[in-house]
Each structure stands twice: as C-alpha cells, then as structure tokens.
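A quick write-up on the structure given underneath.
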Amino acid sequence: MHAFARLITQTNLWVGRFAGWLIVPMFLALLADVAMRYLVGSATVWTSELAQLIFGLYAVIGGGYLLAERGHVSVDIFYGRCTARKKAVIDLATSFLFLFFLIVLIWQSGDMAWESIGKWERSHSLWNPYIWPFKAAIPVAGVLLLLQGLVRMGSDIRVLRGLQNDPAVWGRQAADGPEH
C-alpha cells in the first residue's frame with residue numbers, strides 16, 4: 001500500500017510541477033498577442049486560442065497536485081479550528097461527495113473525450129487546432145485526482161489510527177488549527 005500511495009503522490013507532484021511550467025508558453029502566447037496588436041495593428045488568430053487551450057490544461061491537470069499539497073480552497077470557519085484528527089474525521093465523512101463527483105466527472109468527460117478522439121476534433125476557429133488532446137486530458141486529470149483522493153482517505157484513516165504519515169507517501173498532512 002505504501003509503494004502504491006508513494007507512486008500516486010509522486011506522480012501527482014511531478015504532474016503539478018510540469019503544469020506549473022505551462023504558464024511560460026501561455027505567457028509567451030499572450031505576449032505575442034499583445035505585441036502583434038501594438039506593432040502590426042491586429043492580433044494573430046492563434047495566440048489567444050492557444051493561451052486558452054494551455055490554461056484549460058493547466059487548470060484541470062493540477063488537481064491531484066493541489067490535493068497532495070492541501071492547496072484546494074477550504075472554508076475554514078469551523079474546519080480551520082479543528083485538530084488534525086477531527087479534520088481527518090470530517091474529510092472521511094465528506095469523502096463520498098468527492099468520490100461521487102469524480103466518478104461522474106471521469107465518466108462524462110471520458111465519453112466526451114472518446115467522442116472527440118474518434119472525430120479527431122478540431123476547433124471551429126480560423127486557426128482550427130486539434131482540441132481532442134485537451135479534452136482527453138480531463139478524464140486523465142480526474143483519474144489522477146481520484147487516485148490522490150484515495151491516498152488522502154488512506155492517510156486520514158492512518159491519522160485516526162494514530163499512525164505517522166510521511167508526506168512523500170501520503171501528501172502534505174493537516175495541522176492542528178488554521179493552516180493559512
């Protein structure tokens with residue numbers, strides 16, 4: 001179990017670091033767009049759409065990383081005051097919502113991606129890039145997030161049993177009290 005949890009966590013951490021670098025080509029595309037507007041007087045067709053596609057990939061693929069790093073936004077009105085043990089209880093009690101959401105996301109986005117791949121779907125813009133790889137990234141990101149969620153559930157169970165959790169295996173652990 002430890003080896004599998006470590007593989008999932010390390011994979012999500014690597015994917016998250018990769019996703020962070022997607023900001024560079026997105027920035028360069030937007031910079032080119034602005035430069036073309038001011039230097040030539042009109043923007044190019046492809047720069048804005050490329051930036052949107054990269055941002056979409058950036059937004060979906062980093063979910064598992066954020067879960068491993070406890071980076072998702074949470075409402076800390078009550079949760080923030082809890083001990084790590086109480087946070088584990090709350091996380092486990094609400095995990096069915098997480099699982100339900102991700103199962104539906106993976107199922108629906110998988111159907112959408114499969115259809116898009118089957119048609120070699122392209123954008124309807126003048127540039128007309130392939131968009132099926134970006135649609136295929138959604139169920140992949142959902143699976144990575146689901147797997148990290150299962151690791152988190154294992155970590156929460158270990159907290160309730162009084163066991164220590166190595167962040168390299170189980171992800172960043174909840175602390176007592178507010179974390180931000």
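Of note:
- Checked against the criterion of being open to solvent by less than 70 Å² (accessible area, probe 1.4 Å), farther than 27 Å from Gly171 by Cα and in a helix (DSSP H, G or I), segment 84-91 contains not a single residue that satisfies it.
- Asn128 being open to solvent by 40 Å² or more (accessible area, probe 1.4 Å) and polar (S, T, N, Q): yes
- Condition check for Phe55: among the aromatic types (Phe, Trp, Tyr), open to solvent by 40 Å² or more (accessible area, probe 1.4 Å) and within 23 Å of Glu121 (Cβ to Cβ): yes
- Sub-9 Å Cβ pairs linking a first residue in segment 10-26 that is under 25 Å from Arg152 (Cα atoms) and free of Cβ contacts under 8 Å to residues at least 60 places away in the same chain to a second residue that is assigned to a helix (DSSP H, G or I) and aromatic (Phe, Trp, Tyr), at least 6 apart or interchain, are Leu13/Tyr65; Trp14/Tyr65; Gly16/Tyr65; Arg17/Tyr65; Ala19/Tyr58; Ala19/Tyr65; Gly20/Tyr58; Gly20/Tyr65, ordered by first then second residue.
- Conditions (1) surrounded by 15 or more Cβ atoms within 10 Å (Cβ to Cβ); (2) in a helix (DSSP H, G or I); number of the one not met by Arg70: (2)
- Here is the figure for segment 24-45: residues that are under 22 Å from Asn128 (Cβ atoms), part of a helix (DSSP H, G or I) and open to solvent by 70 Å² or more (accessible area, probe 1.4 Å) total 3.
- Being touching a helix residue (DSSP H, G or I) at 6+ places or on another chain (Cβ under 9 Å), surrounded by 20 or more Cβ atoms within 10 Å (Cβ to Cβ) and either of a type in the set (Ser, Thr, Tyr) or assigned to a helix (DSSP H, G or I) (or both) holds for only one residue in Val151, Val140, and it is Val151.
The values are calculated or read from the model by the stated rules, or taken from the named source; none is laboratory data. The model shown is predicted, which means the values in this text are computed figures rather than measured ones. Neighbour counts are summed over all protein chains in view; Cβ atoms, including those assigned to glycine, are modelled from backbone coordinates with ideal geometry. Note: accessible area is taken over every heavy atom of the protein model, side chains too, but ligands, DNA and RNA are not part of it. Shrake-Rupley method; radii C 1.70, N 1.55, O 1.52, S 1.80 Å.
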